[in-house]
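The values are calculated or read from the model by the stated rules, or taken from the named source; none is laboratory data. Predicted model only: the values in this text are computed from it and were never measured. As a convention, Cβ positions derive from the backbone with ideal geometry for all residues, glycine included, and neighbour counts pool all protein chains shown. Side chains included, ligands, DNA and RNA excluded: accessible areas come from the protein's heavy atoms. Shrake-Rupley method; radii C 1.70, N 1.55, O 1.52, S 1.80 Å.
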Amino acid sequence: MMSPPLTRPTRVEIDLDALRFNLRQVRDRVGQDCEILAVVKADAYGHGASGVAPALAAAGADQFGVALVGEGRALRRYGLTQPIVVLGGAFPGEEATILEHHLQPALYDLDTARRLDAAARAAGNRIPCHHKVDTGMGRLGFRPDRLAAVLAVLISLPGVEIRGVISHLALADEPDKPFTATQIERFQSVVTQVREAGFTPHYLHLANSAAIYSRQLAGCNLVRPGVSLYGGLTGTPFEQEVPQRPVMSFLSQVAQLKEVPAGEGISYAHRFVTQRPSRLAAVPVGYADGYNRLLTNKGDVLIRGRRAPVAGTVCMDWILVDVTAIPDVAVGDRVTLLGRDGDECITALEWADKIGTITYEVFCNISKRVPRIFVGG
Ligand SMILES: *Cc1c(COP(=O)(O)O)cnc(C)c1O
């Protein structure tokens, strides 16, 4: 039996024109001699990698970055043929998948290097890896002071090819802090050391979105933009100066309207009590969709181009919105949770500021049960 069509109106729309615009800004910034590795980990920051990654590939992204081997395999299923770098590296047991799908793991551990080498040689092949150095993020990577010993081992593993040298910046989104310059210097000296040890890494890469827009990275020939592709790069000076368009709109509809008298408690725990005779709209979205419960009595939505406040507790599947001030609201009206309606716009940064997080997490937390609809070609 065929299942009935799914008609719940709550959905995410992904504007591929805006996505391509944001990619073009990166291209204009870095020029033609630098390749762009589009970071599409975590399902393209919640935007839906199945639509986002092919659109970026068609628009000229040279390579792709994911966090997990499984995410890289998914990109191959979507038809991508570009190099795919697995930024999170290879875990034991993932060697065959890496070989089969031509994935290029970041490499930061010698046991992993030995496993990759053995698997590659057994297959009569080599695995291109990106040699990850910890220049000051303190997360992943070989420490520069241990590098000589590490390189001595790696040179004896012919199945492992050092295709690139990669590091990650800790303070790129605070351009006035001097530590980024320290990381860049450490990176350059690591690259020299890697070359002197006999390796010929083709790609040198250090820059995330914030670094792309705040630094000139001499010597780097690959950049790794993520959040700026989605229009969510924040902080000074980026919000003012970086041309970026939001890609994601989060939309729903008014499902029910009711008139209630003053003094009526609304939603769980009656955290909202009407102060006047009010009109309330029930909207089928909740924290199970990624509408964060911390937006209780704090969030705004847009209806008919006007702001309306969330009234009371955000439920798992529903919010209630006070639409008393908006004339003519009707069941079926579009509700914009994130995005633009007329002159008004609710940005991921507005949410992030209200609930104490960053745009990245707002995007990633839109849950799997919300369909992503790709618009704009
Ligand atoms: C996620 C990630 C990026 C992209 O960072 P943005 O701040 O989103 O541009 C780049 N490099 C690495 C290693 C990452 O993990």
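Listing for the model above:
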{"quantity": "In the range 110-147, the residues that are open to solvent by 20 Å² or more (accessible area, probe 1.4 Å) and of a type in the set (S, T, N, Q)", "calculated": "Asn125"}
{"quantity": "Contacts under 8 angstrom Cβ, first residue in the range 221-249 being modelled with pLDDT under 95 and hydrophobic (A, V, I, L, M, F, W, C), partner within 11 Å of the ligand (Cβ to nearest atom) and part of a loop (DSSP other than H, G, I, E, B), 6 or more apart", "calculated": "Phe238/Asp173; Phe238/Tyr213; Val242/Tyr213; Val242/Leu233"}
{"quantity": "Odd one out for Lys41, checked against (1) closer than 15 Å to Gly226 by Cα; (2) away from the ligand (no atom under 15 Å from the Cβ); (3) open to solvent by 10 Å² or more (accessible area, probe 1.4 Å)", "calculated": "(2)"}
{"quantity": "Near pairs, Cβ below 8 angstrom, 6+ apart or cross-chain, from the range 57-82 (on the phi < 0 side of the Ramachandran plot and open to solvent by 40 Å² or more (accessible area, probe 1.4 Å)) to any residue that is of a type in the set (Val, Ile, Thr) and part of a strand (DSSP E or B)", "calculated": "Asp62/Ile36; Leu68/Val86; Glu71/Val86; Arg76/Ile84"}
{"quantity": "Boolean, Pro144 is away from the ligand (no atom under 12 Å from the Cβ) and over 27 Å from Pro128 (Cα atoms)", "calculated": "no"}
{"quantity": "The range 202-250: number of residues that are more than 11 Å from the ligand (Cβ to nearest atom), outside any loop (DSSP other than H, G, I, E, B) and under 30 Å from Val285 (Cα atoms)", "calculated": "4"}
{"quantity": "Breaking point among (1) touching a Cys at 6+ places or on another chain (Cβ under 7 Å); (2) surrounded by fewer than 16 Cβ atoms within 10 Å (Cβ to Cβ), for Gly31", "calculated": "(1)"}
{"quantity": "Subset of the range 148-169 (residues that are more than 11 Å from the ligand (Cβ to nearest atom) and crowded, with 18+ Cβ neighbours inside 10 Å)", "calculated": "Val150, Leu151, Leu154, Leu157, Gly159, Val160, Glu161, Ile162, Arg163, Gly164, Val165"}
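Condition check ((1) under 27 Å from Val227 (Cα atoms); (2) away from the ligand (no atom under 13 Å from the Cβ); (3) not in a helix (DSSP H, G or I)) across all residues:
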residue	(1), (2), (3)
Leu75	yes, yes, no
Gln82	yes, yes, yes
Gly89	yes, no, yes
Leu116	no, yes, no
Ala119	no, yes, no
